[in-house]
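Okay, so here's the structure we're looking at.
The values are calculated or read from the model by the stated rules, or taken from the named source; none is laboratory data. Remember, predicted model here, so these are calculated numbers, not experimental data. Here the Cβ positions follow ideal geometry from the backbone for every residue, glycine too, while neighbour counts run over all protein chains shown. Protein only, heavy atoms only, side chains kept; ligands, DNA and RNA dropped before computing areas. Shrake-Rupley method; radii C 1.70, N 1.55, O 1.52, S 1.80 Å.
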Amino acid sequence: GENVEQHPSTLSVQEGDSAVIKCTYSDSASNYFPWYKQELGKRPQLIIDIRSDVGEKKDQRIAVTLNKTAKHFSLHITETQPEDSAVYFCAAVRGGSYIPTFGRGTSLIVHP
Amino acid sequence: GAVVSQHPSRVICKSGTSVKIECRSLDFQATTMFWYRQFPKQSLMLMATSNEGSKATYEQGVEKDKFLINHASLTLSTLTVTSAHPEDSSFYICSARGSAQETQYFGPGTRLLVL
């Protein structure tokens, strides 16, 4: 089955800095990669996603890149703000299955 | 759009009782609903996948007689934790996806505490 590795487990940055979270996956049949943000005690919320036919996608301060050959994808947050502090999960979805395999999560702490 | 509700948000019960959690898609028809369990500071653990009108598919290690899932309509799925014990205490989250959609939308979660 699919295996998703996510690094780092904890990331601490100063407000205004950039943050990068990296994930690797094992199943070459995975073709959809969503990223979720989960604040303490709340639901995971989709913040950005990318499909395998695209190499990069950007939405304001958030961007995701995908390297299909290397089987890795990354989340980039620029100009971080304290409200970006949360746990971020990457996931990989095998084509046709609709079942995601989640990474272990990255706790992002943005210091004011 | 794509709003998923979950009820109750918190429940405290005595050991041995059963607890039912409801998951509803409010503004779309949920072809598939997923049930997850999440321990503190850990990732989401998929328990089962249910399609409307079909029996749920349980992940390895999840007892189907312990965690009863019903997906009777395109907008409602229920998870019943039968004969709950303290080790069942956890954060349970549902998610739903519409037809031909890859994206899942999560409910707000239910925090279960079994005394």
Quiz item: With +1 on each Lys and Arg Cβ and -1 on each Asp and Glu Cβ, how big is the dipole of the protein assembly as shown about its Cα centre, in debye rounded to the nearest 20?
Solution: 400
Quiz prompt | Proximal aspartates and glutamates to residue A:68, defined as alpha-carbon separation beneath 12 angstrom and excluding residues fewer than eight positions away on the same chain | solution = A:27, A:53, A:56
Exercise. Pop a pseudo-label 7 angstrom from the Cα along the beta-carbon direction at both residue B:70 and residue B:52 and give the gap in nm to one decimal.
Key: 1.7
Practice problem: Return the subset of B:14/B:64; A:22/B:64; B:14/B:41; A:37/B:55; A:42/B:20; A:22/B:41 for which the Cα-Cα distance in this structure is over 23 Å, preserving the input order. | Solution: A:22/B:64; B:14/B:41; A:37/B:55
Practice problem: For chain A, just the Cα set please: Rg and Dmax, both in angstrom. | Solution: 13.4, 43
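Order of A:23-36, A:45-58 by packing, highest average Cβ count within 10 Å first? Spell out each step's value before the answer.
Working: A:23-36: 19.9, A:45-58: 14.7.
Order by mean packing, descending: A:23-36, A:45-58.
Test of understanding: what is the full-extension gain from residue A:40 to residue A:71, defined as 0.36 nm times their sequence separation minus their Cα-Cα distance? Spell out each step's value before the answer.
Numbers: separation 31, 0.36 × 31 = 11.16 nm, distance 2.96 nm.
Answer, rounded to one decimal: 8.2 nm.
Using protein heavy atoms only (no ligands, DNA or RNA), what is the total accessible area buried between A and B, 1.4 Å probe, nearest 100 Å²?
That pair hides around 1600 Å² of surface in total.
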Quiz item: With charges only on Cβ, +1 for K and R and -1 for D and E, what is the dipole size of the range A:20-112 about its Cα centre, in debye, rounded to 20?
Solution: 240
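To the nearest 0.05, what FRET efficiency results for residue B:18 and residue A:97 with a Förster distance of 41 Å applied to their C-beta separation? Intermediate results must be reported in sequence, preceding the final value.
Working: r = 31 Å, r/R0 = 0.76.
Efficiency, from the Cβ-Cβ distance: 0.85.
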Self-check item: Rounded accessible area per residue of the range A:1-73, 1.4 Å, Å²
Solution: 56
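Give me the extension gain from residue B:80 to residue B:59: residue separation times 0.36 nm, minus the current Cα-Cα distance, reported in nm with one decimal. Present the calculation step by step, with values, prior to reporting the outcome.
Details: separation 21, 0.36 × 21 = 7.56 nm, distance 1.61 nm.
Between residue B:80 and residue B:59, full extension yields an extra 5.9 nm.
Could you check how much of the accessible area of chain B is carbon and sulfur, as a whole percent, using a 1.4 Å probe?
Working: 2910 of 5680 Å².
Answer for chain B is 51 percent, counting heavy atoms of protein chains only.
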Quiz item: Among B:69, B:12, B:93, which one shows the biggest mean-square fluctuation in a GNM of chain B, springs joining Cα atoms closer than 10 Å?
Solution: B:12
Quiz item: If you build the Cα gyration tensor of chain B and take the root of 5 times each eigenvalue, what three semi-axes come out, in whole angstrom, biggest first?
Solution: 23, 14, 13
Quiz item: Over all Cα pairs of the protein assembly as shown, how is the pair count split among 10 Å bins, expressed in % and running from 0 up to the last occupied bin?
Solution: 8, 32, 35, 20, 5, 0
